[in-house]
Amino acid sequence: NLTEIADRGLAGKANLTSLINILLNFPNLNKIGNEAFEGCTNLKFADIPNTVTHFGSNVFANCSSLEGCYFDQSQITSLGVSTFVGCSALSTVTLPSTLTYIGEWAFHNCSLIGLYCYATTPPEVYNSASASVSAYQNSTYWQGFRSYNAINN
């Protein structure tokens with residue numbers, strides 16, 4: 001019956017290595033609080049379930065071993081401030097179609113190779129406002145990427 005992971009709920013748990021399939025075992029989980037997994041230095045992968053609608057700030061801050069995070073089935077509309085700050089091994093993130101906003105410093109000090117976003121309208125970035133590949137290419141916030149590829153379902 002777990003419905004939320006509280007602020008700092010699992011922060012600093014060095015023995016936590018993967019959230020793939022773990023969070024999926026909680027069918028009522030709808031909120032992941034601020035700094036919920038902050039400093040989990042051995043965490044490598046996270047899969048955020050489709051029941052999650054609220055995602056706090058600094059959730060994965062300083063998870064230095066985190067390589068991939070998958071939101072593609074979640075229902076979140078925003079990534080909070082500094083969601084992945086200090087995740088130096090982070091190379092792949094998949095974002096859901098429901099995403100409309102990415103907070104400041106969300107990917108600061110990351111090693112992103114692939115950022116996949118299912119949203120057809122480019123999410124706003126930081127405090128600025130901004131349905132397709134061309135929309136991403138022409139968006140002020142997404143112009144710095146070298147390549148854009150449509151995701152076919």
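The values are calculated or read from the model by the stated rules, or taken from the named source; none is laboratory data. Remember, it's a predicted structure, so these values are computed and weren't measured experimentally. Using ideal geometry, Cβ is built from the backbone for each residue, glycine included, and neighbour counts are taken over all protein chains shown. In case anyone asks, the SASA skips ligands and DNA or RNA and just uses the protein heavy atoms, side chains included. Shrake-Rupley method; radii C 1.70, N 1.55, O 1.52, S 1.80 Å.
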Practice task
Extending each Cα 7 Å along its Cβ direction at Phe26 and Glu67, get the distance between those two points in nm, one decimal.
Solution key: 2.5
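Let me know the Kirkwood hydrodynamic radius for the chain, please, with Cα pairs as the basis and the value in Å to one decimal.
15.4
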Problem - Per residue, in Å², the accessible surface of the chain once ligands and nucleic acids are set aside, probe 1.4 Å - result: 51
Practice task
Along Cα→Cβ, 7 Å out, is where each label goes; now give me the distance between the ones at Tyr116 and Leu2 in nm to one decimal.
Solution key: 2.5
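Would you work out what percent of the accessible area of the chain, with all protein chains in place, is carbon or sulfur (probe 1.4 Å)?
46
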Problem - Spin-label model distance (nm) - Ser97 vs Ser134, 7 Å beyond Cα toward Cβ - result: 2.1
Fill in the blank from the handout: Length gained if Ala89 through Ser18 is fully extended, taking 0.36 nm per residue and subtracting the Cα-Cα distance, is 24.1 nm
Fill in the blank from the handout: Output for the stretch 15-121: chymotrypsin sites (Phe, Trp or Tyr not before Pro) sitting in coil per DSSP, at most 16 other Cβ within 10 Å, listed by number, reads Tyr118
